[in-house]
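Take a look at the structure set out below.
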């Protein structure tokens, strides 16, 4: 899947179903983003945003999105392929 490509949302779902703590899954995803070719091209400036659970004061990350100068991309619109 990673060679052919997958959405960031699919990667998040797969990592959340893995038998590891939720915060470690998020850390693994964010640490591993440099290993992927990201589409669409984000340009030089972008910022990763964490989406938290609806509970007040929650630090439970449930999704990620990427903010760029031209707009924000939600995880289902971000395509990842292993860098070659």
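The values are calculated or read from the model by the stated rules, or taken from the named source; none is laboratory data. Everything numeric in this text was worked out from a predicted model, so none of it was measured. Note that we place each Cβ from the backbone using ideal geometry, even for glycine, and neighbour counts take in every protein chain shown.
Picking from 67, 25, which residue would you name as being in contact with a helix residue (DSSP H, G or I) (Cβ under 7 Å, 6 or more places away or on another chain), modelled with pLDDT of 90 or more and either surrounded by 11 or more Cβ atoms within 10 Å (Cβ to Cβ) or not in a helix (DSSP H, G or I) (or both)? Before the answer, list the steps.
Numbers: 67 fails: in contact with a helix residue (DSSP H, G or I) (Cβ under 7 Å, 6 or more places away or on another chain).
Residue meeting the stated conditions: 25.
Take residue 11 and tell me if it is in a helix (DSSP H, G or I), modelled with pLDDT under 90 and surrounded by 13 or more Cβ atoms within 10 Å (Cβ to Cβ).
no
Can you tell me how many residues within the stretch 65-84 are touching a strand residue (DSSP E or B) at 6+ places or on another chain (Cβ under 7 Å) and touching a residue at least 60 places away in the same chain (Cβ under 8 Å)?
Filtering the stretch 65-84 for residues touching a strand residue (DSSP E or B) at 6+ places or on another chain (Cβ under 7 Å) gives 65-67, 72-76, 78-83.
Retained after the next criterion (residues that are touching a residue at least 60 places away in the same chain (Cβ under 8 Å)): 74-76, 78-82.
Number satisfying all stated conditions: 8.
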